[in-house]
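The values are calculated or read from the model by the stated rules, or taken from the named source; none is laboratory data. Model, not experiment: these values are computed from the prediction. Using ideal geometry, Cβ is built from the backbone for each residue, glycine included, and neighbour counts are taken over all protein chains shown.
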Amino acid sequence: MLGVTQSLEEITVPDLASMPKAELHLHLEGAPRWSTLRHALHRHRGITLPESPPWYEPKFRFASFDQFRALFHRYIHPWLQTPVGYNELICDVVDSLLEQHIRYAEIDFYAASVERVGASLDQVLAILEAEVERANAQGSVLKIFLGINRHDGVENAAFWVQRLISAPVICGVDLHGSEVGWPADLFKAALAPVREMGKKIKSHAGEMVGPEAIRAAVEGLGVRQIGHAVSAIQDPAVVELLRDRKVVVEMCPTSNERLQYISSYQDHPIFDLDAAGVAVTVNSDDPTCFGSNLTNELSRLIIERGATLADLKRWTQNAFRYALIEEETLTPILSDLNTWFENVNSGSESTNSSPQY
Ligand SMILES: [Zn+2]
């Protein structure tokens, strides 16, 4: 950990943009770059937006989850309602992943919004398939997950599973949305067909509510991959559960800070969970809303929390270990990761004194 008196200028951050990375927690609709969104809304709708929105200010905090969600209604949906909106958004998200050298990503796709904004689900699935192929040709593996809002109820979850789980581009289900009153184990029967098809189930848990939600997801729903899980740190027995069952945790520090699910960035439990033997990973959640991306998240952890290169390597390896990726594809990626760290450690990789976004 850094001493509190150490100034930012003293910290050398390597050029993290070139580091091979993995991101397990990214929402498609919350991932386009602001500059692309801004130009698209101007082009299609004549709307003029600032170069940087007020919620990118470092001290900005969302007052509620609803205030955060309102950004989608106000800025993303008007874009998606245009005939080419989904295509532009998906292509931009994939471009952003490729630019950051993200070699594996799991992307939560909120299918329920497609027809709601007047688009064709078949067309959007075709765009996703084409973009997965484009990324694959450039050495990045992308996996699309059907995102389901838990607060829309169990019947709604069963409906979307029945409708989409056999689509080849869908690799599993990610249970998201408001956790309050909706523990993950309520969805066990609705999600059973996902497991029967051999696809992955994962769940947000312990982001907005206490550690009991994490236990419900692990023991009740049987998941081995949890989004956020920041409240695990409140219960040593839940930390042990995560460690003993080898559950990978998708941590999203900037998201947790901006939504005020942690008291401060300095108090984010990623280091404590890591030290307790939990397989933690670093993720950006909704970059459009939090003014972040995976490269920036890693930089912040170095600059503001004193993460070491060994930490970054271990957390990235954790993500690849849980990836839906064949060994013959994974081996060269891990080799590239090792080479990158060897070069940084030997000083041949370029470094910057400030993070590159
Ligand atoms: Zn999320």
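Quick grid of which residues meet (1) surrounded by 15 or more Cβ atoms within 10 Å (Cβ to Cβ); (2) part of a helix (DSSP H, G or I); (3) away from the ligand (no atom under 16 Å from the Cβ):
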residue: V114; (1), (2), (3): yes, yes, yes
residue: E129; (1), (2), (3): no, yes, yes
residue: R163; (1), (2), (3): no, yes, yes
residue: P168; (1), (2), (3): no, no, yes
Criterion (more than 16 Å from the ligand (Cβ to nearest atom) and surrounded by 21 or more Cβ atoms within 10 Å (Cβ to Cβ)) met by exactly one of I102, I76
I102
I'd like to check something: does segment 304-311 contain any residue that is buried (at least 24 other Cβ atoms within 10 Å of the Cβ), within 24 Å of I214 (Cβ to Cβ) and among the aliphatic types (A, V, I, L, M)?
no
Number of positions in segment 238-276 that are closer than 14 Å to L301 by Cα and of a type in the set (G, A, S)
2
Look through segment 36-62, keep the residues that are free of Cβ contacts under 8 Å to residues at least 40 places away in the same chain and exposed (fewer than 12 other Cβ atoms within 10 Å of the Cβ), and return whichever of them is farthest from P287 (Cα to Cα).
G46
Return the residues of segment 173-206 that are touching a helix residue (DSSP H, G or I) at 6+ places or on another chain (Cβ under 6 Å) and either surrounded by fewer than 16 Cβ atoms within 10 Å (Cβ to Cβ) or of a type outside the set (A, V, I, L, M, F, W, C) (or both); say none if nothing qualifies.
G177, S178, E179, P183, D185, P193, S203, G206
In segment 283-299, is there at least one residue being of a type in the set (A, V, I, L, M, F, W, C), within 16 Å of the ligand (Cβ to nearest atom) and not in a helix (DSSP H, G or I)?
no
Restricting to segment 216-238, and then to whatever is under 21 Å from the mean Cα position of the chain (by Cα), over 28 Å from S166 (Cβ atoms) and surrounded by fewer than 24 Cβ atoms within 10 Å (Cβ to Cβ), can you tell me which residue is farthest from the ligand (Cβ to nearest atom)?
I233
I'm trying to understand the selection: among the residues of segment 1-56, which are within 16 Å of the ligand (Cβ to nearest atom) and either in a loop (DSSP other than H, G, I, E, B) or modelled with pLDDT under 95 (or both)?
A31, P32
So which residues in segment 82-96 are modelled with pLDDT of 95 or more, more than 16 Å from the ligand (Cβ to nearest atom) and of a type outside the set (F, W, Y), if there are any at all?
V84, G85, N87, E88, L89, I90, C91, D92, V94, D95, S96
Taking the options A275, A319, name whichever one is away from the ligand (no atom under 16 Å from the Cβ), closer than 20 Å to A232 by Cα and out of contact with any helix residue (DSSP H, G or I) (no Cβ under 6 Å at 6 or more places or on another chain).
A275
What are the residues in segment 131-154 that are touching a residue at least 24 places away in the same chain (Cβ under 8 Å), away from the ligand (no atom under 16 Å from the Cβ), surrounded by fewer than 17 Cβ atoms within 10 Å (Cβ to Cβ) and part of a helix (DSSP H, G or I), if any?
R134, V154
